[in-house]
Structures are given as C-alpha cells and as structure tokens.
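> For reference, the structure I am asking about is given below.
The values are calculated or read from the model by the stated rules, or taken from the named source; none is laboratory data. Model, not experiment: these values are computed from the prediction. Virtual Cβ from ideal backbone geometry, glycine too; neighbours counted across all protein chains shown.
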Amino acid sequence: MAFTLRSVKVPPNSASLEEARGRVFDFFRQACRSIPTIMDIYNLDDVVTKSQLRSIIASEIRKNTHVTNPKVIDMLLFKGMEELNNIVEHAKQRHHIIGQYVLGRQGLAQDSDTKDEGTSDFLKNFYKSNYF
Amino acid sequence: MGLGSLASRTLTSTRILSSQYSRFRPIVTKPGLQSPDASSAAAAAQPEPTPPPPKKPVGGARFEFTNPDDAIEVFVDGFPVKIPKGMTVLQACEIAGVDIPRFCYHSRLSIAGNCRMCLVEVEKSPKPVASCAMPALPGMKIKTDTPLAKKAREGVMEFLLMNHPLDCPICDQGGECDLQDQSMAFGSDRGRFTEMKRSVVDKNLGPLVKTVMTRCIQCTRCVRFATEVAGVQDLGMLGRGSGEEIGTYVEKLMTSELSGNVIDICPVGALTSKPFAFKARNWELKGTETIDVTDAVGSNIRIDSRGPEVMRIIPRLNEDINEEWISDKTRFCYDGLKRQRLNDPMIRDANGRFKAVSWRDALTVVAEVALKVKREEIIGVAGKLSDAESMMALKDLLNNMGSNNVWCEGTGTNPNADLRYRYLMNSSIAGLEKADVFLLVGTQPRVEAAMVNARIRKTVRASNAKVGYIGPPTDFNYDCQHLGTGPQTILEIAEGRHPFSSAIANAKNPAIIVGAGLFERDDKDAVFAAVEAIAKKGNVIRPDWNGFNVLLLNASQAAALDLGLVPESSNSIESAKFLYLMGADDLNLDKVPADAFVVYQGHHGDRSVYRANVILPSAAFSEKEGTYENTEGCTQQTLPAVPTVGDARDDWKIVRALSEVAGIRLPYDTLAAIRSRMSTVAPNLLRTDEIEPAAFGPALSPDCTQKIDSTPFKVAVENFYMTDAITRASKIMAQCSAMLLKK
C-alpha cells in the first residue's frame, strides 16, 4: 500500500548536514505532491487553497531551521513522515487537519496585519489575554 | 544462636516429642546487671551533654517590657527566661518557646481556665497548675514535659472526647480542628468509654454561623468573644455539669457585625461557617494573603480558593489594623464575586440591547467617541473599589485628553485634597487605643468601619473612655452619650457651651472622628472648620498626638485624594458628553444628559450598567494586584487569588490600551512602570504596610467663610450588608440584610 512504501523510505542516519538537508527537501516535495489527495480526502476546498497548505507545510518545516545535528534532523523527518502518512491514509479527521494546520496562523486569512501594524507589544498581548 | 541450634539438634535427636518450648535459649548477661556501680560508672563516664540553645518564642511572638526593672526570671524546662511582671505561666512558656496545648485560653479574651488542658507541673506545687491562669512568680520552675503533665493532658483529652460525637468525616473543621491536632499530639491512643454519649440540640444563630452544639466542648470562647469584643451579650452558658449548653436562651439570632469571628475562635466544629458548610476541606484550598476592600479599613485577609473559585475568606493577623477579626461583610461577601460578573466587552446597539464584541471593536468605538467630544465635556469617575494604579491611569488618560474632571465616588462634589490631615485617620487605628475621650461627628462606626468600632470598644472597655456622638440615633455596643443630631451641637461644643467640651478639655488624648458622609454636604467646609475649632480649643492636634480623624467610607477614597483626583468644576455631570465610569455604581446618573456616551468599566453588572453605552469588563479585587490605601493612610497591596473571569482585563491595562487606540499612548507598559508613575505623584503609595502621616496641620488650612446649614446629619450607610457592587451581588449578604438588620 502507499503508506508502507513511504515509511520504509526514511533511513535512520544521514552522513552529513547536506544529506539531511537533501532529505528535508525530498520530504517537502513529497508532502506537496500529496496535497491534492489531502484536499480530496478531507474536503478542504472551502477552507484552504493548495498554495496556503504549501505555505503551512513550509512554515512547519521552517520552525526547525535552528537544528544542526543530522541525527536530530533525521528524527524530526521521521516524525514528519509519520504525520504525513497518518494524514494521507485517513487516520486523522477533518477537524484535526483544520485545527492543527489551518487555524491560528498569523500570516493567513482572518487577522491580517494591516489592522495591527502600528500597535505596540502591549496592545497585541492585551488583545490576546490578561496575563502577559 | 549457633550454640542454641546445635543444642536443639542434640536434644531433638534424643527426645521423642520435640516441642518448641524445649528449644535452648542462650542467656546473655549485661554489664549493668552484674553490679549497680558498673552501670552508673558507665553512664557517668559519658561527657555531660551540652545544654541545647534556648528556643525562640512561640510563633515569633513579641513581647514588651513595660518596666525593664520589673522583669522576673522563671525556669521553663530548665531554661531561664526573663519575662515582664504579671505574665501567666502559659505566656512565660510561650516566650521560652514551649507551646502548651489549650482550648479555652485565647490571647485576646479574658481567662476562663475551664478546659484544664494547659496543666503543667510547677515545682513545690501539690497539683498540676492551670498555666493560663496562674501568674508567673519569680524563681518558679515550670516543667511541661514531665510524666505528670503528660498524664494530665491525656486525661483531659480523654474526658473531652468522651462526649464528643464521631463527626470528623462530616465536620467542616476537620483538618484544621484543635481537638484533632491536640489529640494526636497529646492524647492517649485508646479510649475506655463504652457508655452512651450525650447530644445537644442545635441553636439557630442566623444565616452565617452554623451550629452543631453536640460538638461543643464548652470552652466558652464564643461567650467571652461576644461579651468582650463584639459587645453583644447574646451567648451564654446554660445548665451545669454535663448538661451544659451554649446558646442564646431566647430565640435570638446573632446580629452583631463581628459574629463571623466566632467561627475562627471555636476550636472544634461546633460553630462553623454556614455558607462554607460542606464545600471544601482546608487542605484543598490555596491561601492568598490579600486585603479587603469592602470598607475603608483594609483588613488583612487570606482568600482560600480552590481552582478558579473563592471558597472562603479568613482573617490575617495585623496588630495595627484589624488584630485577628474581620467583619461579617468582609468574611461573607465572596459569593458576590461569582454572580453578575461582566466577562465580555459589550456595546449597546440601536435597539438598546447589549451585544458582546471583541476588545478591538469596543476600544475602537470608545476611542472614536472620545476624540470627537470637546474637552470640557469629558468626565471620569473612579469607583469605590478602584485600586491606585487604575486611578492613576484614568487621571493620566483624561488629562491627556484635555479634561480635568476626574473624581472618586464618595469624595463629594468639591473635594479638597490639599492637606492630607483633613481626610485621613491621623491617630491611626492602633493609636485610637491611647485616646480617652472620643467625639464621633456624623459617623456610625459600627456600620461604616466595623474594625474601627471594635478598636473604640476595646479602648472604652480597657480605660473607661468617654464617647460622645453627634448624629441620628443609632445603637452602639459601648456606652455612648448622644449629644445632638446636627451641626448646631458642634458649634455649641466649639464655643464651650456644651457640657461635653469640658470632657474634651480635661482629656489627655482626645480623639475626634468625623465621618466621610459629611463630604456630601454642601456646607462641608463650614462643618470641618467648626470641628477644627473644637480641635484647636481642646488641644487635639499636638506634635505628639493628633486626634483629628476622618473615617472614610470606601477603599479607594484615600488613594484617590492622594493621587489628586479632584474635579475642576463641581457640576460637570450636567453638561457631560463622554462619561467614563470606572466601577462607579453609586453615582447619581439622573443628571447625565440623554445623548451622553457612557462607558462603564467594572466587574459587576450593578447600577451604572443600565445607563452605559459600552461595557468594558475588568478584574475584581481578588483577581488583580492592586494598591489600596486605608483610612489611616497605610498602603497595602492585594494579590490575585483567582484568575479573571472570561475576557476581563486589569483596570489599568484597559485604560492603557484605550489610550493607545485613541492615539494618546500612556508611557507605561508594565506594573512596575505605572507604579513608578504613581511614585512621582504620591510616593507613599509605593511603601506598602507603612503609614505616611500627614505632614502639615491646621495651621495651613484656609479660613472658611461659609455658613453652617443646620440640617441634621444623615446616616451614611443605610444597609451595612450591601454597600458596593460585590456585596449587592451576594446572596449571603441579601440573606443577612433580610434577617439580621435591626428594623
């Protein structure tokens, strides 16, 4: 099946940082290629566009740019593959995808930055909660 | 043991029946058994153990030598300790660091000596001695850990537990019960009681105190408290022997405003808090030390909370302000914190109904209107429960908008904040104990500030001080002369025509207490001038004693006047177009024009909400860290005990956010920054737990040319139980005002 093929592909150790980097890009391409499947499975056409999903995946990967240890990168890639497999084989549900990946992103849809441009950190924190 | 097993093997091989009783047990001998001299020599050969260092007094107690030459020396468990003359054996042991168990003794009540748990052994005394009642004589050797003392304690414990019901699982006092703790520490492990226990019928003492009189151990602490501290002789001991019952005999409720303190005083679960019954165990609760804001006294309390809910309020010890007591309003107002809370910003739409909106939208709307209005038509009113930080922010915001019409509720239409002595309790609450004549002008301290009243009663009881009262007839719990009902009496005393003026003239430390209800009068300056004339004549204000006191009504008044919340014009409300109410619920909103835009920032949906156009939810005193100044000028801080409700924010944060949205950003972002701003205006508000005395006296006050109006003084607080937003929302306070107010 599709998922077993994919999970085999991630070997446990990369020799160097460049190899790990290459694997990260492979993973990104793989994820982007499975975006149409995901949109189809979970009926996300009304919620997000494909390019938005690509940006979301890119931002998730970008969260770990500070990592330099190839073994750690491999571990993160393994987890990423696992998550991708789960999503593609419909082990998750629509509300998981929407809650974990679509909502709450700063650069996206709802809260556009034009409203909050000139405000201070105080005001931004004030709108979020009382404790800051 | 090896020999023994060898021997047993040889024995069992020869015997037909081998029982374990035939097993050989080796006999060992000890050097002490051989000759008595050897054992004592062995013991004496050990070096003398160094005496342990003396212990500190119990609970960090401090004591004062009123006359250093009169110090006595006694020996407690072998430690010599110096004590002032007149102390009891129990107090001497406390100073020596030895805690003696007791049930009926309380340091603030008279000595009863009926529980007998404090028995200690004193050398050269045939019987153990009740240490709470026995005065310590010089050279006394007190022993608290001898077998005699321990046996006495076990015996007393056994007797107490004989008739005590097995209620621990259902008793509210479990976990904080003196009987439980002392029976674990000092009682014996088994009882010998096999008869039937006696039971007592429960008494109805009102909606606040739950009584299960079967659990009562007849220590009489509640009786002594009610007679001595509260001044009402409601409770008494009926019957004799094992048929003794504590009760009111006549079917009377405990109407005193200090009645909740018997709950703390009762060592067992006989008197417990009715609203708190069966709600929580004390180990589940987190205690937060904070300050009460329902009146101007600023009693120190501990809020016990479980998660996001306040479960009960307990007093904290503060010798200067409230000793160990708090009034009923303070103790039981906490359920008002759970009702009628504002949790979302709301805007009134065209139909007149409120709609919940986000903070962004609410602040944008308010800022829009504020910038369109002319500067004379902007008004800000701080409420009764506002803390100093939020009042500072409000004043800064309104000043930046160009308006100077900011004031605090209760300070009247024309407050004068120039001279601090004119709005503070200058002799301080603890200093009232030194006074010997009290003149109460237009103030009923029993309902306005119950702890100040307790202090006056303490002074009257201790030194037979005289009290004269001018105002509408009310009842007091101490002897008080009703001198008159209006300002005419003040003039009479000032001119010396009244018999009471001789009492003031002959007094060593006369104290005049003026009520803050007088701030609302139009002839306020004249009345104050007349009172100051009395003060001058009676030498009330001197370098060593300032007896001119003003008893404020709200927790926010002193800080407001210190920060300068004084309006520019006295009737600016009638021409207002933008009204910013920060918790102001007792304001008369009839005169506000119909097209004025009213913003209400508060935590309860009380009276002013009905006229408001925008509601901004803020935090109550139990949810924010705020600075409050009490009526004597002592700055204190509240701490957050529970998280804020819903989307509410701290008051000063709302004002700061509003200022930014309106374009006039205030320069502080953190609590420390706003406190440093406060320090530029009133630096005493940063020094917590310290009183800043008024710097100048009446020499600087201007002469007054107003005529005194002869309308008699009114009652400032009609309903003791319902004075502010929190107490008006509380169900317990509603029950109290229905049942306990004197009709």
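> Considering only segment B:586-616, how many residues are under 33 Å from the mean Cα position of the chain (by Cα), in contact (Cβ under 8 Å) with a residue 40 or more places away in the chain, over 14 Å from B:Arg339 (Cα atoms) and part of a strand (DSSP E or B)?
Selection size over segment B:586-616: 3.
> I'd like to know if segment B:303-313 contains one or more residues that are within 14 Å of chain A (Cβ to nearest Cβ), touching a helix residue (DSSP H, G or I) at 6+ places or on another chain (Cβ under 6 Å) and assigned to a loop (DSSP other than H, G, I, E, B). Working first, answer last.
Within segment B:303-313, the first condition is being within 14 Å of chain A (Cβ to nearest Cβ), and the residues that meet it are B:308.
Cutting the leftovers down to touching a helix residue (DSSP H, G or I) at 6+ places or on another chain (Cβ under 6 Å) gives us none.
No, every residue in segment B:303-313 fails to be within 14 Å of chain A (Cβ to nearest Cβ), touching a helix residue (DSSP H, G or I) at 6+ places or on another chain (Cβ under 6 Å) and assigned to a loop (DSSP other than H, G, I, E, B).
> Next up: So if I check each of B:Thr688, B:Thr644, B:Thr631, B:Thr711, which one is in contact (Cβ under 8 Å) with a residue 12 or more places away in the chain, assigned to a loop (DSSP other than H, G, I, E, B) and within 14 Å of chain A (Cβ to nearest Cβ)? Steps first, answer last, please.
Values: B:Thr688 fails: within 14 Å of chain A (Cβ to nearest Cβ); B:Thr631 fails: within 14 Å of chain A (Cβ to nearest Cβ); B:Thr711 fails: within 14 Å of chain A (Cβ to nearest Cβ).
Every option except B:Thr644 fails the conditions.
> Considering only residues that are among the hydrophobic types (A, V, I, L, M, F, W, C) and in contact with a helix residue (DSSP H, G or I) (Cβ under 6 Å, 6 or more places away or on another chain), which ones fall in segment B:210-224?
First, pick out the residues of segment B:210-224 that are among the hydrophobic types (A, V, I, L, M, F, W, C): B:212-213, B:216-217, B:219, B:222-223.
Once the filter is applied, which keeps residues that are among the hydrophobic types (A, V, I, L, M, F, W, C) and in contact with a helix residue (DSSP H, G or I) (Cβ under 6 Å, 6 or more places away or on another chain), segment B:210-224 yields B:Ile217, B:Cys222.
> Within segment B:613-628, can you find the residues that are within 12 Å of chain A (Cβ to nearest Cβ) and not aliphatic (A, V, I, L, M)? I'd like the intermediate steps shown before the answer.
Just the residues of segment B:613-628 that are within 12 Å of chain A (Cβ to nearest Cβ), to begin with: B:616-619, B:623-625.
Hits for segment B:613-628 are B:Pro617, B:Ser618, B:Glu623, B:Lys624, B:Glu625.
> Please find, within segment B:655-669, the residue that is farthest from the chain's Cα centre (by Cα) out of those that are within 8 Å of another protein chain (Cβ to nearest Cβ) and either touching a residue at least 12 places away in the same chain (Cβ under 8 Å) or closer than 21 Å to B:His603 by Cβ (or both). Full working, then the answer.
First, the residues of segment B:655-669 that are within 8 Å of another protein chain (Cβ to nearest Cβ): B:656-657, B:660-661, B:665, B:669.
Adding the requirement that they be either touching a residue at least 12 places away in the same chain (Cβ under 8 Å) or closer than 21 Å to B:His603 by Cβ (or both) leaves B:656-657, B:661, B:669.
Numbers: B:Arg656: 33, B:Ala657: 35, B:Val661: 40, B:Asp669: 33 Å.
In this case the residue turns out to be B:Val661.
> Sort out for me the helices (runs of 4 or more DSSP H) sitting completely within segment A:69-132 that have 2 or more residues that are modelled with pLDDT under 90 and within 14 Å of another protein chain (Cβ to nearest Cβ). Don't jump to the end; show me each part of the working.
Values: elements: A:70-88, A:94-97, A:113-116, A:121-128.
In segment A:69-132, the matching helices (runs of 4 or more DSSP H) lie at A:113-116, A:121-128.
Yes or no, residue by residue, for (1) charged (D, E, K, R); (2) over 30 Å from B:Asp349 (Cβ atoms); (3) within 23 Å of the chain's Cα centre (by Cα):
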position: B:Val365; (1), (2), (3): no, no, no
position: B:Ser386; (1), (2), (3): no, no, yes
position: B:Leu394; (1), (2), (3): no, no, no
position: B:Pro445; (1), (2), (3): no, yes, yes
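> Mind listing just one residue for me: the one in segment B:596-618 that is out of contact with any helix residue (DSSP H, G or I) (no Cβ under 7 Å at 6 or more places or on another chain) and closer than 22 Å to B:Thr364 by Cβ and, of those, surrounded by the most Cβ atoms within 10 Å (Cβ to Cβ)?
B:Pro617
> Counting only residues that are surrounded by 15 or more Cβ atoms within 10 Å (Cβ to Cβ) and of a type in the set (A, V, I, L, M), how many does segment B:153-198 have?
5
> Would you point out the residue of segment B:59-77, among those that are more than 27 Å from the chain's Cα centre (by Cα) and part of a loop (DSSP other than H, G, I, E, B), that is surrounded by the most Cβ atoms within 10 Å (Cβ to Cβ)?
Keep residues of segment B:59-77 that are more than 27 Å from the chain's Cα centre (by Cα), which gives B:65-77.
Add one more test, that the residue is part of a loop (DSSP other than H, G, I, E, B), and what stays is B:65-67, B:71, B:77.
Details: B:Phe65: 12, B:Thr66: 9, B:Asn67: 9, B:Ala71: 13, B:Asp77: 18.
Among those residues, the one meeting the criterion is B:Asp77.
> Same structure, new question: In segment B:78-107, what count of residues is obtained for those that are farther than 25 Å from B:Arg224 by Cα and in a strand (DSSP E or B)?
Looking only at that region, the number is 5.
> Here's another thing I want to ask about it. Looking only at segment B:362-394, which residues are in contact with a strand residue (DSSP E or B) (Cβ under 7 Å, 6 or more places away or on another chain), surrounded by fewer than 24 Cβ atoms within 10 Å (Cβ to Cβ) and of a type outside the set (A, V, I, L, M)?
Of everything in segment B:362-394, just one residue is in contact with a strand residue (DSSP E or B) (Cβ under 7 Å, 6 or more places away or on another chain), surrounded by fewer than 24 Cβ atoms within 10 Å (Cβ to Cβ) and of a type outside the set (A, V, I, L, M), namely B:Glu377.
> Pull out all pairs, ordered by first then second residue, where Cβ-Cβ is under 7 Å, the residues are six or more apart or on different chains, the first lies in segment B:243-261 and is within 28 Å of B:Met196 (Cβ to Cβ), and the second is β-branched (Val, Ile, Thr) and surrounded by fewer than 24 Cβ atoms within 10 Å (Cβ to Cβ).
B:Glu245/B:Val200; B:Ile246/B:Val223
> Right, here's the next one. Take segment B:479-522 and flag every residue that is closer than 16 Å to B:Glu448 by Cα, outside any strand (DSSP E or B) and of a type outside the set (A, V, I, L, M).
Within segment B:479-522, the first condition is being closer than 16 Å to B:Glu448 by Cα, and the residues that meet it are B:512-520.
Filter once more, so that each one left must be outside any strand (DSSP E or B): B:516-520.
Result: B:Gly517, B:Phe519, B:Glu520.
> Another question about this same structure. May I ask you to list the residues in segment B:670-681 that are of a type in the set (A, V, I, L, M) and more than 13 Å from chain A (Cβ to nearest Cβ)? Full working, then the answer.
Applying the first criterion (of a type in the set (A, V, I, L, M)) to segment B:670-681 yields B:671-674, B:678, B:681.
B:Ala672, B:Met678, B:Val681, listed by residue number.
> OK, next. Can you tell me which residues in segment B:338-360 are touching a helix residue (DSSP H, G or I) at 6+ places or on another chain (Cβ under 6 Å) and closer than 18 Å to B:Ser305 by Cα?
Result: no residue meets the conditions.
> What is the residue count in segment B:326-361 for residues that are buried (at least 22 other Cβ atoms within 10 Å of the Cβ) and either within 14 Å of another protein chain (Cβ to nearest Cβ) or assigned to a loop (DSSP other than H, G, I, E, B) (or both)? If you could, list the steps in order and put the result at the bottom.
Residues of segment B:326-361 that are buried (at least 22 other Cβ atoms within 10 Å of the Cβ), as a first pass: B:326-334, B:336-337, B:342, B:345-346.
With either within 14 Å of another protein chain (Cβ to nearest Cβ) or assigned to a loop (DSSP other than H, G, I, E, B) (or both) added as a condition, the list becomes B:326-327, B:342, B:345.
Of the residues in segment B:326-361, 4 are buried (at least 22 other Cβ atoms within 10 Å of the Cβ) and either within 14 Å of another protein chain (Cβ to nearest Cβ) or assigned to a loop (DSSP other than H, G, I, E, B) (or both).
> Give me the pairs: first residue in segment B:478-503 and over 30 Å from B:Thr227 (Cβ atoms), second residue among the polar types (S, T, N, Q), beta-carbon distance under 7 Å, and six or more apart or on different chains, which are they?
Going by the 7 Å Cβ cut-off, the qualifying pairs are B:Gly486/B:Ser710; B:Gly486/B:Thr711; B:Pro487/B:Ser710; B:Gln488/B:Ser710; B:Ile493/B:Ser501; B:His498/B:Thr489.
> Within the set of pairs 6+ apart or on separate chains, which have a first residue in segment B:113-126 that is farther than 28 Å from B:Leu179 by Cα, a second that is among the basic types (Lys, Arg), and C-beta atoms under 6 Å apart?
From segment B:113-126, the pairs are B:Glu123/B:Lys141.
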